Amino acid sequence: MPAITLTDVVKTYPPREKGAAPLTAVDGVSLEIADGEIFGIIGYSGAGKSTLVRLINALEPTTSGRIEIDGRPVTGLRERELRGVRAGIGMIFQQFNLFSSKTVWGNVEFPLKAAGVPKADHQRRISELLHFVGLADKAHARPDQLSGGQKQRVGIARALATSPGVLLADEATSALDPETTQEVLALLRRVNAELGITIVVITHEMDVIKSIADRVAVMDRGRVVEIGRTFEVFSAPREASTRRFVSTVVAGSPEGDDLAALRRRHEGRLVTVRVSEGGVDQQQVFGVLARHGVRFEIVFGGIDEIGGRTFGTLTLALTGADGDVSAAVAELGAAATELPASPTTEAAPVRPAHDAEAR
Ligand SMILES: Nc1ncnc2c1ncn2[C@@H]1O[C@H](COP(=O)(O)OP(=O)(O)OP(=O)(O)O)[C@@H](O)[C@H]1O
Ligand SMILES: [Mg+2]
């Protein structure tokens with residue numbers, strides 16, 4: 001059974017001023033998040049990510065559609081029933097949302113009190129949680145005595161206090177530096193692997209998705225425009241908006257000024273080749289070029305790795321007899337795209353490798 005199921009979920013806000021149009025923040029989202037999965041949701045500011053999160057943990061009612069957690073409906077419940085649902089969902093935030101007047105201990109104790117856990121059990125549970133997040137020695141510190149990374153560890157301990165099955169992380173690392181981000185992501189990976197908790201990571205940072213998510217959904221103006229395994233989405237993005245996100249962490253095909261600079265620096269025809277495990281690999285590419293007597297230089301791109309699988313986009317400057325170059329490019333088929341002679345003309349769209357495989 002999926003941990004979270006969304007069916008045609010819509011959230012429309014009434015107009016902010018009279019005469020304005022209502023705003024549809026979430027526009028017909030359907031998806032299933034598997035039990036034990038780390039699921040990423042990415043999208044630009046205003047895409048509807050946080051709204052979706054507030055619908056999942058029932059902080060706001062949906063306008064229409066259905067949400068289920070562990071097969072139990074979240075939509076259409078009364079306030080009293082919702083309290084039980086919310087206890088099964090942990091939540092962490094960009095600004096940590098800790099009580100500044102309470103100690104670390106007091107912050108983690110808060111949800112235990114709220115859930116009516118007997119006082120006698122608090123000591124053991126809180127110390128267990130603080131050990132798990134590596135803050136046993138900070139129990140009596142106040143939030144303003146902690147670094148950002150430590151604050152988020154407290155946030156995670158607090159979110160886990162009532163043993164939820166699902167943890168929602170809305171931009172949980174966006175206020176942290178890259179190194180601290182990686183530490184917090186490593187902790188979330190442990191939460192998932194050791195406690196079996198399903199995690200939904202909402203972010204606008206592609207490298208967060210890359211390092212932690214099993215699958216990812218790309219949101220654009222309230223809709224999910226692309227969804228798939230992180231490796232597939234990164235190695236062969238289908239949508240233009242996904243390609244823009246992916247290009248922030250993975251080198252794609254050179255465009256605009258980059259392409260113009262390459263043209264000035266290199267002779268020969270420029271061809272972008274997509275390589276990936278399970279698709280065309282580097283040895284095949286260079287084997288084809290050698291067989292046709294084509295010389296090459298790698299002038300742009302790179303090889304990346306997600307979940308132990310490699311993929312990359314390499315742009316090559318090819319030199320040799322024109323007919324030989326054409327024959328080699330033709331043999332590489334869908335994996336290769338020749339870049340336009342003049343950078344002002346549009347490059348032919350690079351066909352995603354998994355489209356080619358499906359055929
Ligand atoms: N309570 C509200 N009332 C009216 N409009 C809202 C409300 N909450 C969100 N919106 C609007 O819904 C849209 C989606 O907002 P949301 O906060 O979900 O986006 P987001 O993807 O989380 O963006 P960000 O990356 O900036 O956090 C925006 O246009 C926003 O202005
Ligand atoms: Mg948001």
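The values are calculated or read from the model by the stated rules, or taken from the named source; none is laboratory data. Quick caveat, the model's predicted, so the values are computed rather than measured. For neighbour counting, all protein chains shown are included, and Cβ atoms are generated from backbone atoms with ideal geometry for every residue, glycine included. What goes into the accessible areas is simple: the full protein's heavy atoms, side chains included, and nothing from ligands, DNA or RNA. Shrake-Rupley method; radii C 1.70, N 1.55, O 1.52, S 1.80 Å.
Normalised by 2.2 N^0.38 Å, where N is the number of residues, the C-alpha radius of gyration of region 256-338 stands at 1.08. The candidates K119, K138, arranged from most to least accessible area with a 1.4 Å probe in the full protein assembly, appear as K119, K138.
Carbon-plus-sulfur accessible fraction, region 1-112 (probe radius 1.4 Å, protein heavy atoms only): 52%. Ignoring lysines fewer than eight residues from K113 along the same chain, the ones with Cα atoms less than 20 angstrom from its Cα are K102. Helices in the chain, meaning DSSP H runs of at least 4 residues, each add -39500 (n - 2.57). Divided by all residues, the mean residue ellipticity at 222 nm is -10500 deg cm²/dmol. Rolling a 1.4 Å probe over the protein heavy atoms gives the chain an accessible area of 49 Å² per residue. Just want to confirm a number: the relative contact order over the chain, from Cα pairs under 8 angstrom separated by 6+ residues, in percent. Contact order relative to length: 16 percent. Charge tally around E171: other residues with Cβ under 9 Å, Lys/Arg +1 each, Asp/Glu -1 each, net -1. For the modelled label position 7 Å from the Cα of E305 along Cα-to-Cβ, which residues of region 194-233 have backbone nitrogen atoms closer than 14 Å? Of the residues in region 194-233, 211 have backbone N under 14 Å from the label point off E305.
Atom-type composition of the exposed protein surface of region 256-338 places 47 percent of the accessible area on carbon and sulfur (1.4 angstrom probe).
Global size of the chain: 24.5, 82 Å for Rg and Dmax (C-alpha atoms, Rg to one decimal, Dmax whole). Can you say what percent of the DSSP beta bridges in the chain, counting only those with both residues inside, are antiparallel? Round to 5. Of all bridge pairs located within the chain, approximately 70 percent are antiparallel.
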